[in-house]
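Since the structure comes first, as structure tokens, the remarks are kept for the end.
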Amino acid sequence: MVPGLIESHAHLMGIGNAKKVLDLSDTRSYEELVARVAAAVKQAAPGDWILGRGWHQSRWDPPPQPMVLGFQTHHALSAVSPEKPVYLVHASGHAAIANARAMAIAGITRDTPSPEGGEIIKDPQGEPTGVLNETAQALVGRHVPSSENEGDRRSLELAIEECISHGITSFHDAGAGQNTIDLYREFADAGQLKIRLYVMLAGQDTRLLESWYGRGPLIGYGDGHLTVRAIKLYADGALGSRGAWLLAPYSDRAGHVGNSIMPMSYIRGVAEQALEHGFQLCTHAIGDRANREVLDQYEAAFAAMGAVGRDSRFRIEHAQHISAADIPRFGRLGVIAAMQAIHMSSDRPWAIDRLGRQRIEEGAYVWRKLLDSGAIIANGTDAPVEPINPIECFYAAVTRKTLRGEPPGGYEADQRMTRQEALRSYTLDAAYAAFEEQLKGSIEVGKLADFTVLSQDILSVPEERILQTKVQRTIVGGRVVYEAGG
């Protein structure tokens, strides 16, 4: 038995919604993806959209042809679905591909400019390829039919069941709007919220933030099942879609340094407002430029608000690629690195193409350097970007290997966590990242009775057997909410 496992960064409704669309995470070629779409088209009713998530062009072998700026084009999708719109979201959630019909509905043509913070990928002739990076996704995404409330309820039910079946007792929800928070309240009131939620407000919604500034944080609602105390912002995009904001150009796209999603002045302003009104700020930053800029805004806000030394526990979500000069700033400023070890396992085989060996070795997935400099790391999976399985994430943290056990010795093995550190990043340090270390994260008298029961001891079992570990029971508040086979 271990303390109840805490997922420190994922998207709860996204987990449920992903179960209702095409799962493309295991596709090994563009041809396989197109075949799945073709099969879905045959089953779809007139007027239906074909929706999916999880593809990643860097995991396909062989690479699709043709490719434009590192991505496939829409033509094969448009050929199998000329009448029905197709919209498929990248594994990272930071890019998508649309077929010709979906682009026609959205009015995207060769003359459509890329929006601020995003890019419509176009071929050498100036025609859109169907790939929409970062904020450009909204051009088509706003036309996708939204689910009704009953659909949202089902998504939440599916997500909760997925969490408890993997031993998750608490969950940090990385960005929610008011409608979603109201649904969480409804579930909490009915005793259906089987996990404890720590919710980050969707920070791009200024009305939402103003509303919550006026009322202040919500802490421990529904017998400790719902807390709203944080704000989520975005500094950049993802490495896989080349949207992460870098100090120097991508190794595999000359002259391109990624995207800044939000103005740094906005992040600075929200940081000061968060400090004033008692909220934690959690900012998505993957590239080294994004991490530096966010640390700069945090440091300036701390100074301006007299918060230097205050226990504000601001976070950087992902902190995936950091300049060597900025690594010590996390510990010095008290900024929590909310990282996802499983991203190293999934991304490292192709990430070296984006960054090159020197940048990978100096600043990518540098858990050991951060810990040794005094930083706190809270672990998670970013589900549905990755499966929510904490055992796989633990394995990646302690071995630095892919889930296939490659390479021998692991990637940049000097950056691995010890098993104790990896477990702590999923329990006590994850609780600290939500101001809850006095309530959970360790097995002590007086703390919440949240436990995860595993089939074997992950602190001592041979490395090659870690991935065989199964969740036997999930216990929240002393109540068994999941039991294997029962």
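Only the coordinates and a few stated rules stand behind these numbers; no lab work does. Computed from a predicted structure; not experimentally measured. Neighbour counts run over all protein chains shown; Cβ positions are idealised from the backbone, glycine included.
Taking the Cα centroid of the range 21-41 and of the range 265-295, what is the distance between the two, rounded to the nearest whole Å?
Each part reduced to its Cα centre gives a spacing of 37 Å.
Quick check: residue separation of residue 332 and residue 29 times 0.36 nm, minus the Cα distance between them. What number comes out in nm?
104.6 nm
Long-range amide H contacts for residue 280: which residues qualify at under 5 Å (H placed 1.01 Å from N, peptide plane, sequence gap of 5 or more or a different chain)?
230, 231
Binning every alpha carbon pair distance of the range 242-361 at 5 Å from zero, what are the percents per bin?
2, 11, 22, 23, 18, 11, 7, 4, 1
Of the listed peptides 437-445, 334-342, what is their order by residue-averaged count of other C-beta atoms within 10 Å, with the highest listed first?
334-342, 437-445
Considering only Cα-Cα distances, which of the following residue pairs are longer than 27 Å: 19/122; 20/232; 19/470; 401/447?
Values: 19/122 31 Å; 20/232 25 Å; 19/470 21 Å; 401/447 34 Å.
Beyond 27 Å between Cα atoms: 19/122; 401/447.
What are the extents of the Cα atoms of the range 134-231 along their three principal axes, in Å, largest first?
39, 32, 22
Over the range 333-384, what number does the Rg to Rh ratio reach, with both radii from the alpha-carbon atoms and Rh per Kirkwood?
Value, to two decimals: 0.99.
So for the range 1-53, what percent of the C-alpha to C-alpha distances run longer than 17 Å?
Cα-Cα pairs in the range 1-53 separated by more than 17 Å: 53 percent.
Viscosity 0.692 mPa s, temperature 37 °C: give me the Stokes-Einstein translational D for the range 1-144 in µm²/s, with Rh taken as the Kirkwood radius over C-alpha pairs.
Estimated via Stokes-Einstein, D reaches 208 µm²/s.
Find the Cα radius of gyration of the chain, compare it with 2.2 N^0.38 Å by division, and give the number to two decimals.
Numbers: Rg = 21.6 Å, N = 486, 2.2 N^0.38 = 23.1 Å.
Rounded to two decimals, the normalised Rg is 0.94.
In debye to the nearest 20, how big a dipole does the chain give about its Cα centre with +1 on each Lys and Arg Cβ and -1 on each Asp and Glu Cβ? Could the numbers behind the result be given before it?
On the way: 49 positive and 59 negative charges, 46 e Å.
In debye, rounded to 20, the chain gives about 220.
Can you tell me the convex hull volume per residue for the range 323-436, based on C-alpha atoms, in Å³ to the nearest whole number?
101 Å³
Which value in nm describes the separation of the simple spin-label points at residue 265 and residue 413, placed 7 Å from the Cα toward the beta carbon?
So the two model labels end up 5.1 nm from each other.
How would you order 220-232, 4-16, 311-323, 391-403 from highest to lowest mean count of nearby Cβ atoms within 10 Å? Display every interim value, and only then the final one.
Values: 220-232: 20.2, 4-16: 26.2, 311-323: 24.5, 391-403: 22.9.
Result, highest mean Cβ count within 10 Å first: 4-16, 311-323, 391-403, 220-232.
Modelled label-to-label distance, residue 459 and residue 45, 7 Å Cα→beta-carbon offset: nm?
5.4 nm
Just need log10 I(q)/I(0) for the range 394-456 at q = 0.18, 0.22, 0.28 Å⁻¹, Debye formula, equal scatterers on the alpha-carbon atoms, no solvent, rounded to two decimals.
Here the Debye-derived log intensity ratios amount to -0.73, -0.89, -1.11.
Order 25-34, 365-374, 40-49, 421-430 from most to least packed using the mean count of other Cβ atoms within 10 Å.
421-430, 365-374, 25-34, 40-49
Counting each pair of different Cα atoms once, what's the Kirkwood radius of the range 62-165 in Å, rounded to one decimal?
Computed over Cα pairs of the range 62-165, the Kirkwood hydrodynamic radius comes out at 15.0 Å.
Which whole DSSP H helices in the chain pass both tests: a Cα extent of 18 Å or more along the axis and a mean Kyte-Doolittle value no lower than -0.5? Walk me through the numbers before you get to the answer.
Working: long enough: 30-43 (20 Å, 0.24); 149-165 (24 Å, -0.65); 264-277 (20 Å, -0.19); 288-304 (24 Å, -0.68); 341-363 (21 Å, -0.90).
Helices passing the filter in the chain: 30-43, 264-277.
Taking the Cα centre of the range 100-245 as origin, work out the dipole magnitude from +1 charges on Lys and Arg Cβ and -1 charges on Asp and Glu Cβ, in debye rounded to 20.
160 debye
Over the range 227-269, one equal point on each Cα, no solvent: what is log10 I(q)/I(0) by the Debye formula at q = 0.22, 0.30, 0.33 Å⁻¹?
Rounded to two decimals, the profile gives -0.74, -1.01, -1.11.
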